[in-house]
Amino acid sequence: MRGPPPAISAARRAPRSSRRRRPRPRPGRAVSTGRRAEALPDPLDATAVRRRLHRRPEPGFLEIETADLAWGLLAGLGWRLRGGGDLVDVRDHPGLPSRDELDAAVRRAAAQGVAAASVHRFRDGNTAFVAELRGTRPGPLIALRVDMDALPIQESRSGGHHPAARGFGSDIDGAMHACGHDGHVAIALRAAALLSDRRFAGTVRLLFQPAEEGVRGAAPMLAAGLVDDVDVLLAVHLGFGIPDGCVAAATELYGTSKLRAEFTGVAAHASGAPEQGRSALLAAASAVLGLHALPRYATATTRVNVGTLHAPGAANIVNARAVLGAEVRAGGAAEHDDLERRARDVLHGAAAMHGVTVDVARTGWATSAATDGAILGRIETLAPGHGLRLLPPRPLRASDDATLFMRHVQERDGLAGYLLVGAGTYGPHHSPTFDLDEAALAPAADLLAALIRSW
């Protein structure tokens, strides 16, 4: 590909006589969603879109309302849409929420006025969808990953917390947009509105991905072949300590595996016949200590954590069932694979030591990846025109399954980039007080639109 072009402003317009009117959902008009409660926001108003989404946070694979809103806005802009169970198969995904959680999401969406057809499309974890738009000239297929999910966190209702003070705090108990994904969707929809004039080469594909938290949502979309033909893959994340008004490429995106281990033992009376029991809880507790004792690596940064341990029963029963949730992370692919193998050995060894069985499932995973220099060169040229300054690459020190898309595209001689955009430092990510500077939304969207036009 050729080097970076001159700066291109996403807001630049053709002469009036040659302008193409951009379709846009108008306030008060529902676009294919049947939404009763509120009119669709203007997709160019990224702040309004972000606040609407922030009020209705939905954890991974439950994003029915979120997907419905984005689908309706994109339909009004003339994008071609595909989604639902015929696009991505998640029926046997080990990281799916429980049946009760899936059904509760359906009831919530219906109560909010989401049309029955849209609820049916996105129910049962089938919230992934893609939107495509073809430009006026031949060119590459450029994809933007858009993560939609929230976290199972109770949002702060303190008067000092901006969303609570301004009346757009979470309406859903126990769920919150605590990582900025509401902002990511708002950025993508503004970029989509800007690009609806089709003044670009090739095709743009928006990948609306569920369940980035727990790195669960990208793998089924990858298996469905949704990036097999992609030439350029882009992902963006707000925050992570990047100063306001700045953009940087992320480094140190860790590979990770999320493991769920279900131990099954034999119940017995804890006093009358303890020798007849086999404690799943003791096996799981031994595994917790063994996992945290795994050796670290001199060749890469590594992380190990046990985040959950559930063991129903009572104090006078030898416990027969325990479920453990753990993760391993590493900055290198080889180290990650070896760390996961050792973690599995610990889990099976703990089960054998206590005479119980264990079933280990990988509920999510991501790999390591890096931004291509050709994309950095274009951003360096374009960012100043949108009020952004390019910083040297910054370590993320976290994981994101957008790396699965990135690595897949790069292995097929395409380009990939993961961009960090400064959006304030309001509470750490994944905390009840997390927030973002909404002034960052429009510049990020405008830069992405300009970057897409630059090919």
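The values are calculated or read from the model by the stated rules, or taken from the named source; none is laboratory data. Predicted, not measured: the structure shown is a model, and the values here were computed from it. Keep in mind that these areas ignore ligands, DNA and RNA; they rest on the heavy atoms of the full protein, side chains included. Shrake-Rupley method; radii C 1.70, N 1.55, O 1.52, S 1.80 Å.
Here is how the numbers come out for the structure above:
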| read-out | value |
| --- | --- |
| Apportionment of accessible area to carbon and sulfur, the stretch 219-324, percent (1.4 Å) | 57 |
| Sulfur and carbon atoms: percent of accessible area, the stretch 362-455 [1.4 Å] | 51 |
| Antiparallel bridge percentage (DSSP; both residues within the chain; nearest 5) | 65 |
| Structure-derived Cα extents along the principal axes in Å: which label, when the choices are (1) 66, 49, 38; (2) 114, 54, 36; (3) 90, 51, 45 | (3) |
| Residue-normalised accessible area of the chain, expressed per residue, 1.4 Å probe, Å² | 40 |
| The stretch 58-116 - percent of accessible surface contributed by carbon and sulfur, probe 1.4 Å | 47 |
| For the chain, calculated [θ]222 nm from helices alone, where every DSSP H run of n ≥ 4 adds -39500 (n - 2.57) | -9000 deg cm²/dmol |
